[in-house]
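All remarks here apply to the structure that follows.
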Amino acid sequence: MMDGSDTIKLLRECDAGIKMGVASIDDVLDHVHDSKLRQRLTECKNAHDGLKEEIQTLLDQYQDEGKGPDPMAKGMSWIKTNMKLAMDGSDSAIADLMTDSCNMGVKSLNRYLNQYKAADAKAKDLARRLIGLEEGLAVDIRCYL
């Protein structure tokens, strides 16, 4: 059974996750030294933006504005990123930060998929695609760890 409430809640969490992911990439992008790492992060950011548009289209159908990332989580992430980069601005440190971010995103999104079981197929597909982006980035940047 599909539930509009679960669908909206899952879409909101995906929306917040995308915003958090893009912010995380933006926080490190100017510090990246390797052109291939920069390119991969940029590609991932662009893919997040594409999913964001799809999610927004569905949220608009439900007349919902979406959701931003938790301000506390976003602030803590920014502090962690800037402190780590101040101590070690290497591509290895950036890959470590981004891997942690991806893993947190995958964990959260899977939790929401399980929590909002009655969400419609489109919302679940978007969540799974977002999880795939996060997992793919974490794998692709392992060589920089």
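Ranked by the mean number of other Cβ atoms within 10 Å per residue, highest first, peptides 13-26, 104-117 order as 13-26, 104-117. With a Förster radius of 35 Å applied to the beta-carbon distance between residue 87 and residue 117, the computed FRET efficiency rounds to 0.25. Quick one: Debye curve from the alpha-carbon atoms of the chain only, equal weights, vacuum; give me log10 I(q)/I(0) at q = 0.09, 0.15, 0.18, 0.21 Å⁻¹ to two decimals. For the chain at q = 0.09, 0.15, 0.18, 0.21 Å⁻¹, log10 I(q)/I(0) is -0.28, -0.72, -0.97, -1.23. Between the residues 72, 28, 59, the greatest Cα displacement towards the positive end of the dipole of the range 1-118, with unit charges on the Cβ of Lys, Arg, Asp and Glu, is found for 72.
Counting Lys and Arg as +1 and Asp and Glu as -1 over every other residue whose Cβ lies under 14 Å from the Cβ of residue 145, the net charge comes to -3. Rounded to the nearest 10 degrees, the angle from helix 91-115 to the longest Cα principal axis of the chain is 10 degrees. Computed on the chain, with alpha-carbon pairs under 8 angstrom and 6+ residues apart, the relative contact order is 43 percent. Within the range 42-145, what whole-number % of the accessible surface is contributed by carbon and sulfur, with the 1.4 Å probe and all protein chains included in the calculation? Carbon plus sulfur share of accessible area: 54 percent. Per residue, the accessible area of the range 40-98 comes to 58 Å² when a 1.4 Å probe rolls over the protein heavy atoms. Projected label points at residue 29 and residue 61, each 7 Å from Cα along the beta carbon direction, are separated by 2.9 nanometres.
Each peptide in 80-86, 90-96, 45-51 receives the mean, over its residues, of other Cβ atoms within 10 Å, and ordering these scores from highest gives 90-96, 45-51, 80-86.
Summing Lys and Arg as +1 and Asp and Glu as -1 over all other residues whose Cβ lies under 12 Å from the Cβ of residue 56 gives a net charge of -3. Within the shell defined by Cβ-Cβ distances under 15 Å, the residues around residue 92 carry a net charge of -1, with Lys and Arg each +1 and Asp and Glu each -1. Compared with the alpha-carbon gap, the fully stretched path from residue 43 to residue 76 is longer by 9.4 nm at 0.36 nm per residue.
The values are calculated or read from the model by the stated rules, or taken from the named source; none is laboratory data. On a predicted model such as this, the values are computed, not experimentally measured, just so you know. Because the Cβ atoms are built from the backbone with ideal geometry, glycine has one as well, and the counts that use them run over all protein chains shown. Accessible surface areas use protein heavy atoms only, side chains included; no ligands, DNA or RNA. Shrake-Rupley method; radii C 1.70, N 1.55, O 1.52, S 1.80 Å.
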